[in-house]
């Protein structure tokens, strides 16, 4: 049974092109009780899925809940080309072995969000590998170089005299060819994918199909509050991370950014979010309580409500009761200093800069100025053992903190 909720489908969307076709397709599908084919492609160029990926996955789930056919397309073929979107240089190509290893991880992780029974999983190598060279030439004849050079990243590189390979021109063509092979009605993608998605519309027309509607979603800003979430920028939240880590990372984002997260990675009703904003504005609600709600919502998505409650309790135990800040500088203990899986605390204090000398470190300890995970250390001969037991947070005096890692 097809039952569309256009308001929910449009929530958070950056663009829907063309919007009138979008509404017409939805109305027809409901009238005829015929599911639309909704395609979203993911190139497995890294082994893990992070919260930024879930913006699209959640929108796929919305279509799924309304009765439509959702295709989770793993770009094991396009991944070997490398998406040039937003790139100022030709990107390095990945081997098929790496792509396939990453793809297996993707398949396991996406079902934390998508319904495995209702999800069609495809690999685009299925139809790309058997294609003959003559068919490739036929595909390239259906698009022209002038249109390719309209693409912003290509035109900038061309003007700057930077290399653009013919292989990179193939990427949007192959992505569009995927839409042809799937006969997609709707394709979802990030805002950086707009050009590729539009190529899909054009190619479907060339192959005699009704063109797909494209729905673009914003790129989720990472923990730094400025750049898009990315593993390479280390500003990400992995959906396979421990609940306490997910909770803590959400609590570290800015009050302004948390409302963007509410919109893009939760289903908390708009009316509630507006009430939170108003409450914070008139100071009837503390921003921290609103952020706690967000952190629990996101934790529960990947685990369950009980685990989310435990993550909150763990967070309070570590950061509230022990007065530890959310962002702490990490200190990696040099491997050469670890003897019999232990390091003298005095040595760590000096190496990390919390103390100027061994004598200074001893005085801090003897004076009660050093604690480990909230517990005072009074023994100047104390050793920290590895692997770290607990959180490994050292507090020196009232305001200086480091987190020990190895």
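Numbers for the structure displayed
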{"item": "Test: residue in region 53-65 that is more than 16 Å from residue 11 (Cβ to Cβ) and either assigned by TED's automatic domain parsing to the domain that holds residue 210 or crowded, with 23+ Cβ neighbours inside 10 Å (or both)", "result": "yes"}
{"item": "Subset of region 355-389 (residues that are surrounded by 12 or more Cβ atoms within 10 Å (Cβ to Cβ), part of a loop (DSSP other than H, G, I, E, B) and under 37 Å from the mean Cα position of the chain (by Cα))", "result": "373, 374, 386, 388"}
{"item": "Residue check for residue 336: part of a helix (DSSP H, G or I) and touching a helix residue (DSSP H, G or I) at 6+ places or on another chain (Cβ under 6 Å)", "result": "no"}
{"item": "Count of region 390-405 residues which are assigned to a loop (DSSP other than H, G, I, E, B) and either surrounded by 17 or more Cβ atoms within 10 Å (Cβ to Cβ) or in contact with a helix residue (DSSP H, G or I) (Cβ under 6 Å, 6 or more places away or on another chain) (or both)", "result": "2"}
{"item": "Sole exception among (1) assigned to a helix (DSSP H, G or I); (2) touching a helix residue (DSSP H, G or I) at 6+ places or on another chain (Cβ under 6 Å) for residue 189, by number", "result": "(1)"}
{"item": "Count of region 233-258 residues which are assigned to a loop (DSSP other than H, G, I, E, B) and farther than 25 Å from residue 111 by Cβ", "result": "6"}
{"item": "Subset of region 154-169 (residues that are under 25 Å from residue 124 (Cβ atoms) and either surrounded by fewer than 17 Cβ atoms within 10 Å (Cβ to Cβ) or over 30 Å from the mean Cα position of the chain (by Cα) (or both))", "result": "165, 166, 167"}
{"item": "Residue in region 367-389 that is nearest to residue 401 (Cα to Cα), counting only those that are at pLDDT below 90 and out of contact with any strand residue (DSSP E or B) (no Cβ under 9 Å at 6 or more places or on another chain)", "result": "375"}
{"item": "Qualifying positions in region 122-145 - surrounded by fewer than 17 Cβ atoms within 10 Å (Cβ to Cβ), farther than 25 Å from residue 72 by Cα and in contact (Cβ under 8 Å) with a residue 24 or more places away in the chain", "result": "140, 142, 145"}
{"item": "Members of region 175-186 found to be buried (at least 22 other Cβ atoms within 10 Å of the Cβ) and not in a loop (DSSP other than H, G, I, E, B), listed by number", "result": "175, 176, 177, 178, 179, 182, 186"}
{"item": "Conditions (1) part of a helix (DSSP H, G or I); (2) farther than 27 Å from residue 224 by Cβ: number failed by residue 262", "result": "(2)"}
{"item": "Residue check for residue 209: in a helix (DSSP H, G or I), closer than 18 Å to residue 18 by Cα, assigned by TED's automatic domain parsing to the domain that holds residue 54 and over 24 Å from the mean Cα position of the chain (by Cα)", "result": "no"}
{"item": "Sole residue being surrounded by 15 or more Cβ atoms within 10 Å (Cβ to Cβ) and within 23 Å of residue 312 (Cα to Cα), chosen from 211, 218, 243, 269", "result": "243"}
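Yes or no, residue by residue, for (1) at pLDDT below 85; (2) touching a helix residue (DSSP H, G or I) at 6+ places or on another chain (Cβ under 8 Å); (3) in the same structural domain as residue 35 (by TED's automatic domain parsing):
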{"residue": "95", "(1), (2), (3)": "yes, yes, yes"}
{"residue": "98", "(1), (2), (3)": "yes, no, yes"}
{"residue": "104", "(1), (2), (3)": "yes, no, yes"}
{"residue": "114", "(1), (2), (3)": "no, yes, yes"}
{"residue": "118", "(1), (2), (3)": "no, yes, yes"}
{"residue": "123", "(1), (2), (3)": "no, yes, yes"}
{"residue": "139", "(1), (2), (3)": "no, yes, yes"}
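The values are calculated or read from the model by the stated rules, or taken from the named source; none is laboratory data. The structure presented is a predicted model; accordingly, all values stated were derived computationally and were not measured. For neighbour counting, all protein chains shown are included, and Cβ atoms are generated from backbone atoms with ideal geometry for every residue, glycine included.
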